[in-house]
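Beneath this line is the structure, given in structure tokens, with notes to follow.
Computed from the coordinates by the stated procedures, all read-outs in this text should not be read as laboratory data. All figures in this text were calculated on a predicted structure; none of them were measured in a lab. Cβ: placed from backbone, ideal geometry, glycine included. Neighbour counts: every protein chain shown.
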Number of protein chains: 2
Amino acid sequence: MARWVHELAAERGDAEYELVDLRDYALPHLDEPNAPAMGNYRHDHTKRWSEKIASFDAFVFVTPEYNHSIPGVLKDAVDFLYAEWAHKAAGFVGYGVDGAVRAVEHLRHVLAMVSVATVQAQVTLSIYADFENHTTFKPAAAQEERLSLVLDQVLAWGGALRPLRAA
Amino acid sequence: MARWVHELAAERGDAEYELVDLRDYALPHLDEPNAPAMGNYRHDHTKRWSEKIASFDAFVFVTPEYNHSIPGVLKDAVDFLYAEWAHKAAGFVGYGVDGAVRAVEHLRHVLAMVSVATVQAQVTLSIYADFENHTTFKPAAAQEERLSLVLDQVLAWGGALRPLRAA
């Protein structure tokens with residue numbers, strides 16, 4: 001799903017897009033001794049994650065839903081940092097039996113606390129409608145248009161908020 | 001805070017209470033290859049956690065609030081298992097600037113999916129009202145009564161649901 005998002009985004013030619021996989025950052029459960037809001041990180045895994053997130057203007061989160069919320073690994077990925085998220089925009093692509101809509105609502109609450117502006121448009125990929133035999137990803141035709149709208153909104157807000165990030 | 005809960009609970013003499021610290025279970029981010037609902041665990045850390053949670057009739061979750069929700073480590077602790085939680089009761093003791101009330105609401109959503117009955121009473125410990133100098137835990141007098149109510153409700157529901165667990 002994330003590759004599909006990245007490929008369609010890259011085709012737009014209106015921004016640089018990068019696919020970030022949490023697997024490549026190997027964050028443990030939050031283990032920094034100081035509050036992330038202090039920005040005083042001790043661990044190399046945190047510094048590396050901080051540099052990566054600081055390098056973006058906006059995000060599209062691609063997430064499953066585990067027990068009506070986001071996976072622990074995604075929660076930790078947000079909680080490890082603070083200022084790196086601030087005054088940036090985010091959109092969402094959820095996948096699951098019900099398009100991960102509950103997980104994304106939780107994630108919106110979480111991101112509010114780190115000053116991420118979450119856009120209205122959202123892609124909800126259904127195991128029934130967007131996967132062949134519930135396994136092979138074959139998004140319905142309309143999903144491409146929905147993703148396009150998410151990207152439009154994320155770019156617009158990400159750009160509009162830029163002066164606040166420079167300050 | 002968890003020790004305070006455990007000590008007051010143990011004084012009641014109406015059930016066996018045990019303090020479970022996630023630090024002692026060293027769960028990574030969810031890494032089981034099969035869905036936990038299948039109960040077919042591969043890893044020793046999961047089997048050990050499964051045995052521990054299976055041994056209880058009810059729970060009191062003691063949690064902080066990180067960015068308006070629960071910590072990733074607690075989310076993973078729930079997500080690793082499935083049947084071990086079912087038809088049991090849970091209460092909550094939250095601590096933080098606002099008593100972790102948003103984190104606990106998220107946790108109630110999560111636990112609904114694993115068939116945990118979450119009771120109405122709740123202890124909300126405030127950094128301002130229940131800690132000296134925002135650091136030393138000195139719960140306000142009324143908190144003991146609130147915790148007592150949480151335990152009353154957790155025991156009542158945990159007992160009432162027992163026939164469903166035996167089935």
Residue-normalised 222 nm signal for chain B, counting each DSSP H run of n ≥ 4 as -39,500 (n - 2.57), nearest 500 deg cm²/dmol, is -12500 deg cm²/dmol
Here, B:Glu132 and A:Ala83, labelled 7 Å along Cα→Cβ, have an inter-label distance in nm of 3.5 nm
Once A:Ala140 and A:Leu19 are pulled to full extension, the length gained, defined as 0.36 nm per residue separation minus their Cα-Cα distance, is 41.4 nm
Rounded to the nearest 5, the percent of DSSP beta bridges in the range B:2-166 running antiparallel is 15 percent
Total charge of the residues flanking A:Ile127 in space, meaning their Cβ is under 14 Å from its Cβ, with Lys and Arg +1 and Asp and Glu -1, is -3
The computed P(r) of the protein assembly as shown puts the percent of Cα pairs beyond 29 Å at 43 percent
Residues whose built amide H sits under 5 Å from the amide H of B:Ala90, excluding neighbours closer than 5 in sequence, are B:Phe59, B:Ala117, B:Thr118, B:Val119
Put in order of increasing Cβ neighbours within 10 Å, starting from the fewest, B:Tyr128, A:Tyr95, B:Tyr25 give B:Tyr128, B:Tyr25, A:Tyr95
Sequence order, the range B:60-66: Karplus ³J(HN,Hα) from phi using 6.51 cos²θ - 1.76 cosθ + 1.60, θ = phi - 60°, Hz rounded, Gly and Pro as x, gives 10, 7, 10, 9, x, 10, 10
Listed by chain and number, the lysines with an alpha carbon less than 24 angstrom from that of B:Lys52, same-chain partners under 8 positions apart left out, are B:Lys75, B:Lys88
Computed on Cα atoms, Rg of chain B relative to 2.2 N^0.38 Å comes out at 1.03
Fewest to most Cβ atoms within 10 Å: B:Phe137, A:Phe92 sort as B:Phe137, A:Phe92
Among residues of chain A, the one whose beta-carbon sits nearest the axis that rotates A onto B, given with its distance in integer Å, is A:Gly72, 2
Label model pair B:Ala160, B:Arg12: point-to-point distance (7 angstrom along the Cα→beta-carbon line) in nm is 1.5 nm
Taking Cα atoms, the helix A:2-12 axis meets the longest principal axis of chain A at an angle in degrees (rounded to 10) of 90 degrees
Assertion target for B:Val101, B:Val78, ordered by fewest C-beta neighbours within 10 angstrom first, is B:Val101, B:Val78
Between the Cα axis of helix B:101-113 and the main Cα principal axis of chain B, the angle (0 to 90°, nearest 10) is 20 degrees
If R0 = 51 Å, then B:Ser148 and A:Val97, at their Cβ-Cβ distance, give a FRET efficiency to the nearest 0.05 of 0.80
